[in-house]
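FYI, it's all coordinate maths here, none of it is from the lab. The structure presented is a predicted model; accordingly, all values stated were derived computationally and were not measured. Cβ placement follows ideal geometry from the backbone for every residue including glycine, while neighbour counts extend to all protein chains displayed.
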Amino acid sequence: MAFHRIFVLDLAGVGMGEAPDANRFQSVGADTIGHVAQQWPGDLSLPTLQRLGFGNIRITNPIPGIPPVEQPTGYFGRLHMAAQDNRRATGLREMWDYTGPIRTESVFTTLTAAGYSVTLAGPFLSYLATQTPAERFQVGTNQAAFQILYDRLNAPVSGLTYVVLPEFRFAGEQQDLEASAQALQMTDQHLAQVIHDLGANDLLILTATHAADQTFGPTPTREYLPLLVYSPSRQAGHALGIRRTLADVGATVLENYGVAPATTGHSLLNELTQ
């Protein structure tokens with residue numbers, strides 16, 4: 001086991017620019033993070049995310065006000081959804097479901113069956129509610145979501161914590177660019193404390209299960225999704241490239257705990273060098 005605890009933070013709704021198949025989903029020109037940053041008066045200040053490598057995700061088309069850094073502390077890349085539809089729940093399932101020997105399995109239920117702790121927190125638990133016997137929390141604000149994360153950071157139990165930050169989705173549905181910018185700044189401030197509280201054997205993964213460029217309307221847009229990975233035990237990060245499926249996150253968790261073969265996706269573990 002490389003890491004005793006894995007924390008996955010889902011910025012659901014934050015996209016990094018149109019994906020190659022954007023034309024199939026009426027998303028040509030979609031750029032959630034770019035449009036949010038452009039509308040913010042002055043520079044959108046996200047120092048913690050920037051140090052992790054958030055700006056390095058887009059070197060050829062820099063995020064306004066968030067340039068790349070020379071030595072990011074995290075590993076950075078982009079996820080491309082493999083599924084042929086673009087609903088909000090699709091990315092969630094792609095990230096956490098895999099093909100087992102008999103039927104489709106969930107990473108969450110596989111971990112709990114193996115005796116690991118699994119905590120899920122999010123705004124809408126229709127899918128997550130079926131992931132028994134994981135501990136589940138319904139949250140309606142980013143503050144409440146981070147409180148769950150802080151509680152788990154203070155609990156020395158090996159396993160997975162998956163937290164969805166709900167205000168990004170709400171901002172997308174309401175087509176509120178300012179609310180998205182404010183949610184990003186709040187997230188950045190909390191991340192500084194999260195990183196401080198991480199132990200040497202912890203892994204933090206920041207990503208998103210869908211994108212929603214508010215300038216395109218209230219429905220999801222087909223974009224690349226962010227990927228940032230950090231552990232205090234890794235001194236410096238590097239590029240993870242473009243991942244061809246969100247299932248790479250689930251595969252990383254499965255390989256880390258050694259509970260099932262990663263039949264879908266490719267684990268990141270061997271790319272997280274010491």
**Fill in**
Calculating log10 I(q)/I(0) by the Debye sum over Cα atoms at q = 0.07, 0.08, 0.11 Å⁻¹ from this structure picks out, from [x] -0.21, -0.28, -0.55; [y] -0.36, -0.45, -0.71; [z] -0.38, -0.48, -0.79, entry [x]
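Set the Förster radius R0 to 35 Å, insert the Cβ-Cβ distance between residue 215 and residue 259 as r into 1/(1 + (r/R0)^6), and round the FRET efficiency to 0.05. Walk me through the numbers on the way to the answer.
Details: r = 42 Å, r/R0 = 1.19.
After rounding, the FRET efficiency stands at 0.25.
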**Prompt:** Out of residues 5 or more away from residue 221 or on other chains, whose amide H comes under 5 Å of its own, with H placed 1.01 Å from N in the peptide plane?
**Reply:** 211, 212, 213
**Prompt:** Once label points are set 7 Å from the Cα along Cα→Cβ at both residue 201 and residue 113, what is their separation, rounded to one decimal in nm?
**Reply:** 2.5 nm
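Which FRET efficiency value, to the nearest 0.05, is calculated for residue 154 and residue 271 with the Förster distance at 45 angstrom and r the Cβ-Cβ distance? Don't skip to the answer; put the middle values down first.
On the way: r = 29 Å, r/R0 = 0.65.
Once rounded, the FRET efficiency stands at 0.95.
Taking the Cα centre as origin and putting +1 on Lys and Arg beta-carbons and -1 on Asp and Glu beta-carbons, what dipole magnitude results for the chain, to the nearest 20 debye?
Working: 16 positive and 24 negative charges, 89 e Å.
Computed about the Cα centre, the dipole is about 420 debye.
Take peptides 163-171, 2-10 and line them up by average Cβ neighbours within 10 Å, highest first, as a rough protection proxy. Show your work: numbers first, answer last.
On the way: 163-171: 24.6, 2-10: 21.7.
By packing density, highest mean first, the sequence is 163-171, 2-10.
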**Fill in**
Reduced to Cα centres, the span from region 158-213 to region 1-66 in Å works out to 11 Å
**Message:** Quick one: 3J(HN,Hα) in Hz for region 77-84, Karplus 6.51/-1.76/1.60 with θ = phi - 60°, rounded, Gly and Pro as x.
**Reply:** x, 10, 9, 10, 5, 8, 4, 8
**Item:** Residue-wise HN-Hα coupling along region 230-238, computed from phi with Karplus coefficients 6.51, -1.76, 1.60 (Hz; x: Gly, Pro)
**Value:** 9, 8, x, 7, 10, 6, 8, x, 7
**Complete:** Label model pair residue 182, residue 23: point-to-point distance (7 angstrom along the Cα→beta-carbon line) in nm is 3.9 nm
**Request:** May I ask you to order 186-198, 104-116 by the average number of other C-beta atoms within 10 Å around their residues, highest value first?
**Result:** 104-116, 186-198
